Structure formats: C-alpha cells, structure tokens
Amino acid sequence: MTSIQTYDRDGAALPELPPLPIGVLVVRTAELLQQAADLPQPRYISISATQSVGLQFAPEQASVRAVTRWALRFGSVMTSQPGQGTDGGPQTWHRTDFDYYGIAVRAYAHVPAGPAST
C-alpha cells in the first residue's frame, strides 16, 4: 500500500498556493450561486482579488431568514450585532462567513431596527 504525505515530516512549511485569478473567482461564485439556486438570492455580489466574495441581502427583515438559510446550507452560523446605518439610525448587522473551495464568503444583511413598540 502506498501513502502520500501532505506535509513535510522535517517540519518545513508547505509553500502557500498562489491566489486564484479573478476569472476563476467569478466562475466559482457562479457555481456557488448555482448550488444555492433554491435559496434566497443576494441583491448585490462583490468579488475581490483578496480571495473573498460578499453576498449582500436586502435591508429587510426577510433577509435575516435568508442569511440563516445560507449559514445552514454551508455549515456555518449566523451572527448578529447592533450597528448604525449610514443615515445614523440603528440597525442590526446579520452575517455568516464560510469557505467555498478556498474562497472566503460572507453573506450579510444590515436590517434597520423596527419602530419601538409602545
């Protein structure tokens, strides 16, 4: 039986892989969206040469469930934290971060706070 070592037993670090070209990032993002075709789709997508993809959902309450569904599908958790919108109003920032074939993906929504109940 043959075994292949994926590390150097002498302790030398493996060289880092070169970054993926932007075209490959675009193709992998399209594959991600295809794999998630049955999930709510983002309204804005950013693809960065820093090997990351951002999926922004609409600033509405339904996006909380959308981000949660993406987190569940790709084995992540959703986090929420209070924030402030560009208009100065309170918001809750919902996000999930996961890895998709070596690409860092962040799905997020900034949802304005609802009116205070009386």
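In debye, nearest 20, what is the charge dipole magnitude of segment 20-79 about its Cα centre with +1 on Lys and Arg Cβ and -1 on Asp and Glu Cβ, if you could check?
Dipole size: approximately 80 debye.
I'd like the orientation of helix 62-73 relative to the chain: the angle between its Cα long axis and the longest Cα principal axis, in ° from 0 to 90, rounded to 10.
Once rounded, one gets 20 degrees.
Which of [x] 179; [y] 117; [z] 100 is the computed volume of the Cα convex hull per residue in Å³ for the structure on display?
Structure-derived value, by its label: [x].
At a probe size of 1.4 Å, how large is the accessible area of ARG28, to the nearest 10 Å²?
70
Nearest 500 deg cm²/dmol is fine: what mean residue ellipticity at 222 nm does the chain get from its DSSP H runs of n ≥ 4 alone, each adding -39,500 (n - 2.57), divided by its residue count?
Mean residue ellipticity, 222 nm, calculated: -7000 deg cm²/dmol.
Where the accessible area of segment 63-118 is counted over protein heavy atoms with a 1.4 Å probe, how much of it, in %, is carbon and sulfur?
The computed percentage sits at 54.
Over the chain, what relative contact order in percent results from Cα pairs under 8 Å that are six or more residues apart?
22
Taking the solvent-accessible surface of protein heavy atoms with a 1.4 Å probe, what is the per residue accessible area of the chain in Å²? Kindly include the intermediate steps, with their values, before the conclusion.
Values: 8190 Å² over 118 residues.
Computed with neighbouring chains in place, this is 69 Å² per residue.
Less than 13 Å Cβ to Cβ from ALA107, Lys/Arg counted +1 and Asp/Glu -1: what total charge do the surrounding residues give?
In short, +4.
The values are calculated or read from the model by the stated rules, or taken from the named source; none is laboratory data. Predicted, not measured: the structure shown is a model, and the values here were computed from it. Note: ideal-geometry Cβ built from the backbone for every residue, glycine included; neighbour counts use all protein chains shown. Side chains included, ligands, DNA and RNA excluded: accessible areas come from the protein's heavy atoms. Shrake-Rupley method; radii C 1.70, N 1.55, O 1.52, S 1.80 Å.
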